[in-house]
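Notes to accompany the following structure.
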Amino acid sequence: MAEIAISTCQGSAITPHLDDLARLRIRVFRDFPYLYDGDLTYEADYLRRYAECPESLFVLAFEGNALVGASTGMPLADDMAEFRAPFERAGFDIGSVFYYGESVLLSNYRGRGIGKAFMEARERHAAERGFSTVAFCAVERPDDHPLKPEGYVPLHGFWRSRGYERHPELATTFHWKDVCEPEETDKPMVFWLKSLA
């Protein structure tokens, strides 16, 4: 494989890559555990929020000119109510939390340290801007889900190795259409946090 180049940009600087990022999200999130049956119209609206936020961050992985991975983040205070609400209920100062939107990487590029580079870039960005906590949420599927692949291993071990802790008291739901469903349904999401203090 050719060398992977990692670059970062903020806010509207992502605009030239939005279509590729939308397609990448749809492709990666189609797999378990997200099983996301995405469409480009929704993706354009979702990603627009990040592009319009000057404090957002995009970490992009390229092989040549091809986008093979990406991760995003933005201040939690600027994100959707579904993500802010659990922190507000728990009494957090949401202005101190930097939220990771997603981390997507094509399967044949995994195991090469790119995921670690994504985490490090977002943590550095958050710390340099004075955020004391970084957070993300992950979907939780039942162990007996019919579409769970044999041998599937969740990323919990990787996240813990990077210093993140699961906080089941911080939970929300988010809706999307699964590949096996006729319509959108709410999915349980639980937050993972790391202190930068």
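The values are calculated or read from the model by the stated rules, or taken from the named source; none is laboratory data. Everything quoted here is computed from the prediction, not taken from an experiment. Here Cβ is always computed from backbone atoms with ideal geometry, including for glycine, and neighbour counts include all displayed protein chains. Surface areas here come from the heavy atoms of the whole protein model, side chains and all, with no ligands, DNA or RNA. Shrake-Rupley method; radii C 1.70, N 1.55, O 1.52, S 1.80 Å.
Looking at region 164-183, can you tell me whether even one residue there is in contact with a His (Cβ under 8 Å, 6 or more places away or on another chain) and open to solvent by 80 Å² or more (accessible area, probe 1.4 Å)? Looking through region 164-183, at least one residue is in contact with a His (Cβ under 8 Å, 6 or more places away or on another chain) and open to solvent by 80 Å² or more (accessible area, probe 1.4 Å). Tallying residues that are over 24 Å from Glu128 (Cβ atoms) and in contact with a strand residue (DSSP E or B) (Cβ under 7 Å, 6 or more places away or on another chain) within region 67-103 yields 6.
Looking at region 90-111 only, could you name the residues that are out of contact with any Asp or Glu (no Cβ under 9 Å at 6 or more places or on another chain), surrounded by 14 or more Cβ atoms within 10 Å (Cβ to Cβ) and farther than 23 Å from Ala22 by Cα? Those that are out of contact with any Asp or Glu (no Cβ under 9 Å at 6 or more places or on another chain), surrounded by 14 or more Cβ atoms within 10 Å (Cβ to Cβ) and farther than 23 Å from Ala22 by Cα: Phe92, Ser96, Val97. If I filter region 138-159 for residues that are open to solvent by 80 Å² or more (accessible area, probe 1.4 Å) and within 16 Å of the chain's Cα centre (by Cα), do I get at least one hit? The answer is yes; a qualifying residue exists.
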